[in-house]
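Novice: First the structure, then my questions, so here it is.
The values are calculated or read from the model by the stated rules, or taken from the named source; none is laboratory data. Bear in mind that the values here come from a model prediction, so they are computed numbers and not experimental data. Protein only, heavy atoms only, side chains kept; ligands, DNA and RNA dropped before computing areas. Shrake-Rupley method; radii C 1.70, N 1.55, O 1.52, S 1.80 Å.
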Amino acid sequence: MNNDRQLANIALIGFMGTGKTSVGRLVAEQLRFEYLDTDEVIQAETGRTITEIFTTDGEPAFRALEEKVVKELAVRKQTVIATGGGLPVNPENLTSLKAHSLVVCLWSSPEKIWERVRHQSHRPLLHDKNPQAKIRELLAAREPFYKQADVLLNTDLRSLREVAQQVVHQFRLESSGRR
Ligand code: S3P
């Protein structure tokens with residue numbers, strides 16, 4: 001990794017249902033960092049839910065809000081940032097996050113993702129006739145973007161607590177000597 005980078009934060013990227021929120025909260029607790037979720041910021045700033053934004057204004061409007069929020073994150077320190085699953089598809093977002101964060105991707109199989117999301121209804125992209133096929137299709141299309149993370153962790157094989165421990169370990173390793 002480029003030694004000029006300032007690793008002030010941790011950004012968690014990855015598909016819906018890979019555990020970003022749970023892992024992010026655990027990591028923040030352990031490091032005594034603040035926890036922030038880009039979807040929550042968008043909802044707070046607009047006063048609308050993600051589903052409302054998708055339904056009324058469409059996905060491109062949501063992506064523009066995401067990009068704006070990512071730019072605002074540049075001033076952050078000691079924050080664990082959980083990101084929306086589609087955010088790294090915009091290369092500007094990934095470049096921007098990498099300027100101040102260790103970018104960790106949580107990876108899961110489509111089967112495990114389906115298991116985790118099937119009883120939830122707040123994700124407009126999965127309001128589909130065949131959500132399982134949609135998961136496979138989106139995951140395949142996004143894989144090259146997720147793989148640009150600094151660290152890739154499979155969350156199928158470990159508990160979320162173990163994954164959080166790995167994230168903390170990688171962050172300590174990568175940030176030692178840089179601060
Ligand atoms: C999306 C993932 C969601 C949310 C929006 C779009 C995506 O976030 O940003 O529904 O494109 O994968 P989570 O990954 O936190 O579910």
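Novice: Would you kindly derive the ³J(HN,Hα) couplings of the range 158-175 from the backbone phi angles with the Karplus curve 6.51 cos²θ - 1.76 cosθ + 1.60 (θ = phi - 60°), listing them in order in whole Hz, with x for Gly and Pro?
Specialist: Once rounded to whole Hz, the list reads 10, 6, 4, 5, 5, 4, 4, 4, 4, 5, 4, 4, 4, 5, 4, 4, 6, 8.
Novice: Okay, next question. For the range 1-144, with all protein chains present and a 1.4 Å probe, just round the carbon and sulfur fraction of the accessible area to a whole percent.
Specialist: Roughly 50 percent, rounded to a whole number.
Novice: I'd like to check one number: the per residue accessible area of the range 44-95, probe 1.4 Å, reported in Å² as a whole number. Could you put the intermediate results ahead of the total?
Specialist: Details: 2560 Å² over 52 residues.
Using a 1.4 Å probe on heavy atoms only, each residue of the range 44-95 averages 49 Å².
Novice: Same structure again: Rounded, prolate or oblate for the range 92-153? Axes are the square roots of the Cα gyration tensor eigenvalues, ordered a ≥ b ≥ c, and the cut-off for rounded is a/c under 1.5.
Specialist: prolate
Novice: Please enumerate, by chain and number, the lysines with C-alpha under 17 Å from the C-alpha of residue 68, excluding those fewer than 8 residues away in the same chain.
Specialist: Once the sequence-local lysines are set aside, what remains near residue 68 is 98.
Novice: Provide the convex hull volume over Cα atoms per residue for the chain, in Å³. It would help to have the intermediate numbers written out before the result.
Specialist: Values: hull volume 19.9 nm³, N = 179.
Spread over its residues, the Cα hull of the chain gives 111 Å³ apiece.
Novice: Related question: Whole-Hz Karplus ³J(HN,Hα) for the range 107-117, in order, using 6.51 cos²θ - 1.76 cosθ + 1.60 and θ = phi - 60°, x for Gly and Pro?
Specialist: 10, 9, 6, x, 5, 5, 4, 4, 4, 6, 9
Novice: Given H placed on each backbone N at 1.01 Å, which residues far from residue 154 in sequence or on other chains put an amide H within less than 5 Å of it?
Specialist: Correct list: 107.
Novice: Name the residues whose placed amide hydrogens come within less than 5 Å of the amide hydrogen of residue 35, ignoring near sequence neighbours (fewer than 5 apart) on the same chain.
Specialist: Residues meeting the criterion, in which the H sits 1.01 Å from N, are 80.
Novice: Could you go through the range 33-48 in sequence order and give the Karplus-derived ³J(HN,Hα) for each residue, using 6.51 cos²θ - 1.76 cosθ + 1.60 with θ = phi - 60°, rounded to whole Hz, and x for Gly and Pro?
Specialist: Those phi angles translate into 9, 7, 10, 9, 10, 4, 5, 5, 5, 4, 5, 5, 6, 9, x, 10 Hz.
Novice: Given contacts defined as C-alpha pairs under 8 Å and at least six residues apart, what's the relative contact order of the chain, whole-number percent?
Specialist: After rounding, I find 36 percent.
Novice: Hey, another quick one. Over all directions, what mean area does the Cα convex hull of the range 23-67 project, stated in square nanometres?
Specialist: Numbers: hull surface 14.5 nm².
Seen from a random direction, the Cα hull of the range 23-67 projects 3.6 nm² on average.
Novice: Hey, which lysines would be in cross-link range of residue 112, C-alpha to C-alpha under 18 Å, not counting anything within fewer than 8 residues on its own chain?
Specialist: Residue 112 reaches 20, 134.
Novice: Which of the aspartates and glutamates could a cross-linker span from residue 77 if the Cα-Cα distance has to be under 12 Å and same-chain partners fewer than 8 positions apart are dropped?
Specialist: The reachable aspartates and glutamates, counting only those whose Cα sits under 12 Å from residue 77, are 34.
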